[in-house]
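Encoded as C-alpha cells, the structure appears first; notes follow it.
The values are calculated or read from the model by the stated rules, or taken from the named source; none is laboratory data. Small disclaimer: the values here were computed from a predicted structure and weren't measured. Cβ atoms come from the backbone with ideal geometry, glycine included; neighbour counts cover every protein chain shown.
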C-alpha cells in the first residue's frame, strides 16, 4: 500500500527504525512490524484478514491496526472511500492510507 503521513512530525518519526525506537521505546519493534505489513499489503483487505493486526474502523471514521493491547496506529484512507451498491466499504479497493498517530486508547 501507499503510505503517507498526516504531518511532517509523524513522517520524521516513522522515517527510520532509530527514530521509531526513540519515539516508542519498547513498542518500537511492533510499530516497525505493523508499518512493514502495511507497506507490503496490496490493499486494506489484506490487513483486515490478518488477525494479529486487528485492522478495524473506528467510530471517528478513521481506521486502526493494533500494536499491543492498548496501543494502535491510527490512519485515514488517503483517497475517497469506495462503497459497494449495498453501501459496504470495499476494503480491497483501499490502496492509499495516511498515518495520523500512534495512540493509547485506554
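Restricting attention to the stretch 30-54, report how many residues are in a helix (DSSP H, G or I) and surrounded by 13 or more Cβ atoms within 10 Å (Cβ to Cβ).
Keep residues of the stretch 30-54 that are in a helix (DSSP H, G or I), which gives 30-40, 44-48.
Now narrow it down to the ones that are surrounded by 13 or more Cβ atoms within 10 Å (Cβ to Cβ): 30-35, 37-38, 44-48.
Number satisfying all stated conditions: 13.
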Is it fair to say residue 89 is farther than 25 Å from residue 27 by Cβ, surrounded by 14 or more Cβ atoms within 10 Å (Cβ to Cβ), touching a strand residue (DSSP E or B) at 6+ places or on another chain (Cβ under 9 Å) and without any contact (Cβ under 8 Å) to a residue 40 or more places away in the chain? yes
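Report yes if residue 8 is free of Cβ contacts under 8 Å to residues at least 12 places away in the same chain and loosely packed, with under 11 Cβ neighbours inside 10 Å, otherwise no. Steps first, answer last, please.
Values: free of Cβ contacts under 8 Å to residues at least 12 places away in the same chain: yes; loosely packed, with under 11 Cβ neighbours inside 10 Å: yes.
Here the answer is yes, as residue 8 does meet what is asked.
Being closer than 23 Å to residue 90 by Cβ and in contact with a helix residue (DSSP H, G or I) (Cβ under 9 Å, 6 or more places away or on another chain) is the filter here, so list the residues in the stretch 35-48 that pass it. Outline the logic, then answer.
Here is the first cut: in the stretch 35-48, the residues closer than 23 Å to residue 90 by Cβ are 37-48.
Listed by number, the residues that qualify are 37, 38, 40, 41, 42, 43, 44, 45, 46, 47, 48.
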Scan the stretch 48-85 for residues that are within 24 Å of residue 12 (Cα to Cα), without any contact (Cβ under 8 Å) to a residue 24 or more places away in the chain and out of contact with any strand residue (DSSP E or B) (no Cβ under 6 Å at 6 or more places or on another chain) and jot them down. none
Within the stretch 68-84, track down each residue that is within 10 Å of the chain's Cα centre (by Cα) and either at positive phi or at pLDDT below 95 (or both). 77
Of those in the stretch 55-78 that are touching a helix residue (DSSP H, G or I) at 6+ places or on another chain (Cβ under 9 Å) and assigned to a loop (DSSP other than H, G, I, E, B), the residue surrounded by the fewest Cβ atoms within 10 Å (Cβ to Cβ) is 68
